[in-house]
Every structure is written in structure tokens, then in C-alpha cells.
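Data block below; observations after.
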Amino acid sequence: MLRGLFRLILLAVVVLFVGAYFLGYDVKDIRRMRADQPEAGGTTGSEKARQVGAQIGERSAAAADTAKRAIEDGRLTTKIKAKMALDDRVKALNLDVDTSGGVVTVTGTVASDAERQRALALARETDGVSQVIDRMQVR
């Protein structure tokens, strides 16, 4: 039990330092944030720590929003490809589906105009799709 708690604390410290490194903070910056040392501009270390914490929070929120959008786009792409794979009239292996912000682009080759229309219909009727761009070619 105590070993597990120690490992959890160690993991949290490592994640904190790795996150600070990737967000552009240096260990020297963290050392300068001590509460007992005012900086040249009259800002104490605790005030600086709050400012840095706010910056980290803003960057984390932006990264989370970007990840959320990417996951949503991937979910839509997967859903549409699954619909096409299950449909007997569409050969999904010949089609590529890309999603960006709810806009779906379908590219590839189809055997007939009916197959093209069915692929477009499957994409359009998927929840979350705002627009479908057709870049398919009929052989």
C-alpha cells in the first residue's frame, strides 16, 4: 500500500516536470518562483507562480479543445466508413473519408453514379456532419 502511494507520488512529479518541459518552462524558472524572493519588478514568487499556473491552465485548455475536436473528427470518419463497409451497394475499400470540423471529404473511385450517390447519402445522414465534399470519380 505504501509502495503504491510512493509510486503514485513519483509518477505525479515526473508528469508535472515533463508537462512543464513540453509547455516551455525550465527548472530555473520554477526555482525563481519561490515565495520568499521578490523579483526585479516587485513581483513575489507566489504571484509569478499564479501567473505561470494561469498560463499552463490556458495552454492545457487549448490542447484539450484541440484533442476533443480531433477525437470528434475521428469518430465521424469511423462511423461513416463503418456505414459504407456494411452497405452492399458501396465498396468502402475504394473510398477514403476525411473529416475536419464536421466537414467530410469523400475521395476515391466508384463503379457507378448510384454508388457515388449512396456513399454521399451515408455520409450526409450521419449525425454531426455539417457538409459533405464529393471528390469521387466514376470509373
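Every number in this text was worked out from the coordinates using simple rules, so none of it is lab data. Note that the structure is predicted; figures quoted are calculated from it, not measured. Because the Cβ atoms are built from the backbone with ideal geometry, glycine has one as well, and the counts that use them run over all protein chains shown.
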How would you classify the range 32-138 from its alpha-carbon gyration tensor, with a ≥ b ≥ c the square roots of the eigenvalues: rounded for a/c under 1.5, else prolate if a/b is greater than b/c, otherwise oblate? prolate
Need the list of lysines near Lys68 for cross-linking: C-alpha distance under 29 angstrom, and skip anything on the same chain fewer than eight residues off. Lys79, Lys81, Lys83
Leading residue at positive end of dipole, the range 32-138 (Cβ point charges), from Ser130, Leu120, Gly74: Gly74
Using mean Cβ contacts within 10 Å as the protection proxy, how do 49-58, 97-106 order, highest first? 97-106, 49-58
